[in-house]
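S.K.: Before I ask anything, here is the structure I am working with.
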Amino acid sequence: MNAPITSLRDVEALERTPLQARDLPSSTYELLRRSAQRFGPDTALNFLLQGSAAEEPLRVSYAELFARVTQAANAFHRLGVRPGNAVSFLLPNLPQTHYVIWGGEAAGIVNAINPLLDPEHIAELVRAADSRVLVTLAPFPGTDLWDKVAALRDELPELNAIVTVDIANLLPEPQRSAIKAQRGALPEGVLDFDELLAQCPDDHLESGRSIDPDEVASYFHTGGTTGTPKLAPHSHGNEVAMAEIMGLNADYNGKDVLLCGLPLFHVNGVMVTGLAPFMRGAQVLLAGPQGYRNPTLIKDFWKLVERYRVTSFSGVPTIYAALLQVPSAGHDLSSLRFALCGAAPMPVELIRQFEEKTGLSIIEGYGMTEGTCGTSCNPRGGERRPGSIGLRLPYCQVKSAVLDSTGNYLRDAAVDEIGTICLRGPTVFKGYLQASKNKDIWVDGDWFNTGDLGRIDADGYIWLTGRSKDLIIRGGHNIDPQMIEEALHRHPAVAMAAAVGKPCLKAGELPVVYIQLKPGMRASEEELLEHAARHVPERAAVPKDVWLLDAIPLTAVGKTFKPALRLDAIRRVLEDEVRHLQPRPSVEVIADDRHGQKARLCVGTLDLDSRAALASRLGGYAVHIEWLES
């Protein structure tokens, strides 16, 4: 076992051994082969169909995992998938999803698609990836994935096959036969995944393929659940390096049990609770097809930790807020080593409340699809600085760069100076698949421009202070504001629309839209909200508020100046929070060099209990609060 990282010096000490000297496998398939040889009979996956602590799990050993992955690779090869071709999948969290991911990478390239996307964007991603096979769910009560695919079949003539994973096969009799009888036969030409695997050898690749680390293993789309998604290719070398780096940082071993509640179409679910533990013989508890979206999993969470001796899990702030409402007293949580949080800033007060209730350390981290997954996190063995995304991970280079108004590199930022966070290293991709998306993504040579603003302090801790990107992050899901704005612009009275996120204790951010009307035109906020509800195609992107302005703020070159709107949205939310105590509160929200956003509150004279209660609630927002005297 490695000593836990305590400081940047420990990161640098690990890096004295070059990554190339760590005898890494050449591909994800070779990684799983090695693990099957080393940990064959040990449990790789425990799967819970209902996400319940009371049910008996389906167990998959390391030997079985590698055998199923090999069969999947051979099945895809027989269906015409070759290196450079993709296997696209629209699946929830199932054992078969892992077989598709790693088998797809062994046969060609796997293309993970968010099932929440609308059919138009799903078809676009299938085509962009040069997909030969699409894998989705067979018709099953309570699921709609097959309906989405059925609507797309005529639009995807380039597909060699549509393959279905049948959840009914995971049920005991007589439920299995009853559901299949009620559903009837699969549509003509649609293949059954489990039947395909049964026809293929499980001890060798029929293709005879030898995979080079630089070959593309996967595509993961980024850019939100609306708008035009971008495909980020990951090489086998990227993914293997990420698994090694995560394993070094977390010191995974055969005694670890990682609960997976995040989706397997996202890099966090695939890497943090997938390839990284698989590399070191740990066990993954695949906690139901819907993961954290399943109320049963949330309700039974602490029971599952106790029963399976879970040692860590990963979530977004909204998950931790939900778990705070589930009693943990009386459950043995001593197996837990740490919990990871990413995807959105974690309010300091939420961290404090969660750790006080559970005794569990929350490790805040940062990562992105373009960096394969993780880039930094607070050190397990050192000082955790709440609000910081911690130290860079071993072999992951991070710097803050000062750019000019057009995005050109000027210089590296000084200590504690805010700049644009840039990444470089063995886990950073080589650029988006669509060449048109690669404009201005590199600075100072081969440093990737994340679009996030931040500073790095004297001890190497990284602090995010804002986003130059416009994405709205709702419960860990990205929403592109452009789709909201386009829908509002279709209203005849709207001259300009600008969508941003307003802070929310439960969801992190919720979409809102500012509207400037055309001269002489009238429309109420209620009317515009109704219009948005009818015309914004993604339900999660429908704005919660419409706010009318005489003039939307603009930059010197006439672009919408969204930082001012974000600050205004924060002000409105905080005013609503304090209005029950002070009918006419004074709230000012400003950009701050150190904290990113700072709110100055003057709420008059409050008794100590009211002041403490208000401070505790406002501490749930990722905004620095400064109290002013009356």
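S.K.: Show me the strands (runs of 3 or more DSSP E) found entirely inside region 437-491 where at least 1 residues are more than 20 Å from the chain's Cα centre (by Cα).
M.R.: Correct list: 447-456.
S.K.: Being basic (Lys, Arg) and either in a helix (DSSP H, G or I) or not assigned by TED's automatic domain parsing to the domain that holds Pro492 (or both) is the filter here; which residues of region 525-547 pass it?
M.R.: Those that are basic (Lys, Arg) and either in a helix (DSSP H, G or I) or not assigned by TED's automatic domain parsing to the domain that holds Pro492 (or both): Arg534, Arg539.
S.K.: Among the residues of region 563-570, is any closer than 30 Å to Glu356 by Cα and crowded, with 16+ Cβ neighbours inside 10 Å?
M.R.: yes
S.K.: Further question: Give the number of residues within region 433-450 that are hydroxyl-bearing (Ser, Thr, Tyr) and either within 20 Å of Leu410 (Cα to Cα) or surrounded by 20 or more Cβ atoms within 10 Å (Cβ to Cβ) (or both).
M.R.: 1
S.K.: How many residues are of a type in the set (Gly, Ala, Ser) and within 18 Å of Gly247 (Cα to Cα) if we restrict to region 362-406?
M.R.: 8
S.K.: Sticking with this one: In the same structural domain as Val100 (by TED's automatic domain parsing), farther than 21 Å from Val81 by Cβ and without any contact (Cβ under 8 Å) to a residue 12 or more places away in the chain, is that true of Pro172?
M.R.: When the stated conditions are applied, Pro172 passes them.
Conditions (1) in contact with a Cys (Cβ under 9 Å, 6 or more places away or on another chain); (2) in a strand (DSSP E or B), marked per residue:
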| site | (1), (2) |
| --- | --- |
| Asn253 | no, no |
| Val272 | yes, no |
| Pro289 | no, no |
| Leu297 | no, no |
| Val310 | no, no |
| Ala322 | no, no |
| Ala329 | no, no |
| Ala339 | no, yes |
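S.K.: For Ser405, indicate whether it is without any contact (Cβ under 8 Å) to a residue 40 or more places away in the chain, more than 27 Å from Ser235 (Cβ to Cβ), outside the structural domain of Glu509 (by TED's automatic domain parsing) and of a type in the set (S, T, N, Q).
M.R.: yes
Per-residue answers, yes or no, for (1) closer than 22 Å to Pro379 by Cα; (2) at pLDDT below 95:
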{"residue": "Gly237", "(1), (2)": "no, no"}
{"residue": "Ala241", "(1), (2)": "yes, no"}
{"residue": "Asp251", "(1), (2)": "yes, yes"}
{"residue": "Thr273", "(1), (2)": "yes, no"}
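S.K.: OK, next. When you go through Ser610, Ser616 one by one, which is the residue that is over 30 Å from Ser405 (Cβ atoms), among the hydroxyl-bearing types (Ser, Thr, Tyr) and loosely packed, with under 13 Cβ neighbours inside 10 Å?
M.R.: Ser616
S.K.: Given the conditions (1) aliphatic (A, V, I, L, M); (2) surrounded by fewer than 19 Cβ atoms within 10 Å (Cβ to Cβ); (3) under 20 Å from Tyr308 (Cα atoms), report the number of the one that Ala44 does not fulfil.
M.R.: Of everything listed in (1) aliphatic (A, V, I, L, M); (2) surrounded by fewer than 19 Cβ atoms within 10 Å (Cβ to Cβ); (3) under 20 Å from Tyr308 (Cα atoms), Ala44 misses just condition (2).
S.K.: Taking the residues in region 415-432 that are in contact with a Ser or Thr (Cβ under 8 Å, 6 or more places away or on another chain) and of a type in the set (Ser, Thr, Tyr) as candidates, determine which candidate is surrounded by the fewest Cβ atoms within 10 Å (Cβ to Cβ).
M.R.: Thr420
S.K.: Considering every residue within region 495-514, establish whether at least one is on the phi > 0 side of the Ramachandran plot, under 21 Å from the mean Cα position of the chain (by Cα) and not in a helix (DSSP H, G or I).
M.R.: So far as region 495-514 goes, yes, one or more of its residues are on the phi > 0 side of the Ramachandran plot, under 21 Å from the mean Cα position of the chain (by Cα) and not in a helix (DSSP H, G or I).
S.K.: Look at region 180-195 and say how many of its residues are more than 33 Å from the chain's Cα centre (by Cα) and either at pLDDT 90 or above or assigned to a helix (DSSP H, G or I) (or both).
M.R.: 4
S.K.: Kindly indicate whether Ala75 is buried (at least 16 other Cβ atoms within 10 Å of the Cβ), in contact with a helix residue (DSSP H, G or I) (Cβ under 7 Å, 6 or more places away or on another chain) and assigned to a helix (DSSP H, G or I).
M.R.: Yes: the conditions hold for Ala75.
S.K.: Of the conditions (1) surrounded by 23 or more Cβ atoms within 10 Å (Cβ to Cβ); (2) under 26 Å from Ala21 (Cβ atoms), Leu264 clears all except one; give me its number.
M.R.: Condition (2) is where Leu264 drops out.
S.K.: With the requirement that a residue be in contact with a strand residue (DSSP E or B) (Cβ under 8 Å, 6 or more places away or on another chain), over 22 Å from Leu79 (Cα atoms) and hydroxyl-bearing (Ser, Thr, Tyr), what does region 172-222 give you?
M.R.: The one that is in contact with a strand residue (DSSP E or B) (Cβ under 8 Å, 6 or more places away or on another chain), over 22 Å from Leu79 (Cα atoms) and hydroxyl-bearing (Ser, Thr, Tyr): Thr222.
S.K.: Criterion first (touching a strand residue (DSSP E or B) at 6+ places or on another chain (Cβ under 8 Å), surrounded by 24 or more Cβ atoms within 10 Å (Cβ to Cβ), in a strand (DSSP E or B) and at pLDDT 95 or above) does Val100 satisfy it?
M.R.: Answer is no for this residue.
S.K.: Identify, by number, the condition in (1) within 17 Å of Gln397 (Cα to Cα); (2) in contact (Cβ under 8 Å) with a residue 24 or more places away in the chain that Ile479 doesn't meet.
M.R.: Here Ile479 clears every test but (1).
S.K.: Could I ask something else about it? What's the total number of residues in region 1-46 that are under 30 Å from Arg209 (Cβ atoms), in a helix (DSSP H, G or I) and of a type outside the set (Val, Ile, Thr)?
M.R.: 15
S.K.: Considering only residues that are farther than 27 Å from Ile462 by Cα and of a type in the set (A, V, I, L, M, F, W, C), look in region 575-596 and name the one that is surrounded by the fewest Cβ atoms within 10 Å (Cβ to Cβ).
M.R.: Leu581
S.K.: Would you pick out the residues in region 587-627 that are in contact with a His (Cβ under 6 Å, 6 or more places away or on another chain) and at pLDDT below 80?
M.R.: His595
S.K.: Let me ask something else about it. Hey, any hits in region 107-115 for a residue that's surrounded by fewer than 23 Cβ atoms within 10 Å (Cβ to Cβ) and closer than 23 Å to Glu239 by Cβ?
M.R.: yes
S.K.: Tell me which of these Val415 doesn't satisfy, since it passes every other one: (1) more than 26 Å from Ala339 (Cα to Cα); (2) in a loop (DSSP other than H, G, I, E, B); (3) free of Cβ contacts under 8 Å to residues at least 24 places away in the same chain; (4) not acidic (Asp, Glu).
M.R.: (3)
S.K.: Considering only residues that are within 16 Å of Arg594 (Cα to Cα) and more than 21 Å from the chain's Cα centre (by Cα), which ones fall in region 382-400?
M.R.: Answer for region 382-400, where residues must be within 16 Å of Arg594 (Cα to Cα) and more than 21 Å from the chain's Cα centre (by Cα): Arg385, Ser400.
S.K.: Another one. From the set of residues in region 145-167 that are out of contact with any Leu (no Cβ under 9 Å at 6 or more places or on another chain) and free of Cβ contacts under 8 Å to residues at least 12 places away in the same chain, which is nearest to Arg78 (Cα to Cα)?
M.R.: So, considering only residues that are out of contact with any Leu (no Cβ under 9 Å at 6 or more places or on another chain) and free of Cβ contacts under 8 Å to residues at least 12 places away in the same chain, the one nearest to Arg78 (Cα to Cα) is Pro157.
S.K.: Go through (1) within 20 Å of the chain's Cα centre (by Cα); (2) part of a loop (DSSP other than H, G, I, E, B); (3) polar (S, T, N, Q) for Ser88 and report which single condition fails.
M.R.: Answer for Ser88: the failing condition is (2).
S.K.: Can you pull out the residues in region 116-168 that are assigned to a strand (DSSP E or B) and either surrounded by fewer than 17 Cβ atoms within 10 Å (Cβ to Cβ) or not β-branched (Val, Ile, Thr) (or both)?
M.R.: Ser131, Arg132, Leu134, Leu137, Ala161
The values are calculated or read from the model by the stated rules, or taken from the named source; none is laboratory data. None of the values given here were measured: they were computed from a predicted structure. Methodologically, a virtual Cβ is constructed for each residue, glycine included, from the backbone with ideal geometry; neighbour enumeration extends over all protein chains shown.
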